[in-house]
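For reference, the structure discussed in these notes is given below.
The values are calculated or read from the model by the stated rules, or taken from the named source; none is laboratory data. Please read these numbers as outputs of a predicted model, since none were measured by experiment. So basically every Cβ, Gly included, is an ideal-geometry build from the backbone, and we count neighbours across all protein chains shown.
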Amino acid sequence: MRTAKIWTTVAATAAAVGLLATPAAAAPTDTTDTTFEVLVGTLDVVTPATADLGSGDTGGTITGALGTVLVDDSRGAADASWTASVTATVFQTGGGSPQETVLPSEIDYWSGAATATTGTGTFTPGQLTGGDAQPLDSVTPLTAFTHSGGTGGNTAEWNPTLVVNVPLDSIAGEYTGTVTHSVA
């Protein structure tokens, strides 16, 4: 009997070792649900702080570049369309008397072609060439640039030209006004 007990113990131990030595069945694939979020950004326009268009005579024209205008669209929209507009104030000489003015309508604006763009969609200048120049206004915005279609983010840069049609009756002096670009 003693031999039978030893064989039973040996058999039970071998079976236990065999169970421990058998590799576990592994799943051939597994998945992880993963998320991330694209944040809603803004639609912004950035313009030069100052611009000097130069000088000229009464009855003539003064032509100069305003400097780079940038529209930055980080809204992440399904339709990333926008329109950039421009207006101007009356331009005036210093505080002397009489104070002379040049009206916005006496200043022509043309955007020219984009100097740089990113993103998808169609970028269109409001006035491609000097022959397309249009007078500014203090109330009614002039279209400077548009973007249509595309998705997600985009940017556009251009360097608009201003042509001041100096009135014949203008007095000498430095004229100051504000050109305002907006985007929506």
Problem set entry | Residue tally, condition surrounded by fewer than 15 Cβ atoms within 10 Å (Cβ to Cβ) and within 18 Å of SER182 (Cβ to Cβ), over the range 43-80 | 7
Exercise. Taking interchain pairs and intrachain pairs at least six residues apart, which have beta carbon atoms under 9 angstrom, with the first residue in the range 167-184 and of a type in the set (A, V, I, L, M, F, W, C) and the second loosely packed, with under 11 Cβ neighbours inside 10 Å and modelled with pLDDT under 95?
Worked result: ILE171/GLY96; ILE171/PRO98
For this session: Identify the single condition in (1) of a type in the set (A, V, I, L, M, F, W, C); (2) within 19 Å of GLU157 (Cα to Cα); (3) touching a helix residue (DSSP H, G or I) at 6+ places or on another chain (Cβ under 9 Å) that ALA88 does not satisfy, given that it satisfies every other one.
Result: (2)
Exercise. Going by the structure shown, is TYR175 farther than 30 Å from VAL40 by Cβ, among the hydroxyl-bearing types (Ser, Thr, Tyr) and in contact with a Pro (Cβ under 9 Å, 6 or more places away or on another chain)?
Worked result: no
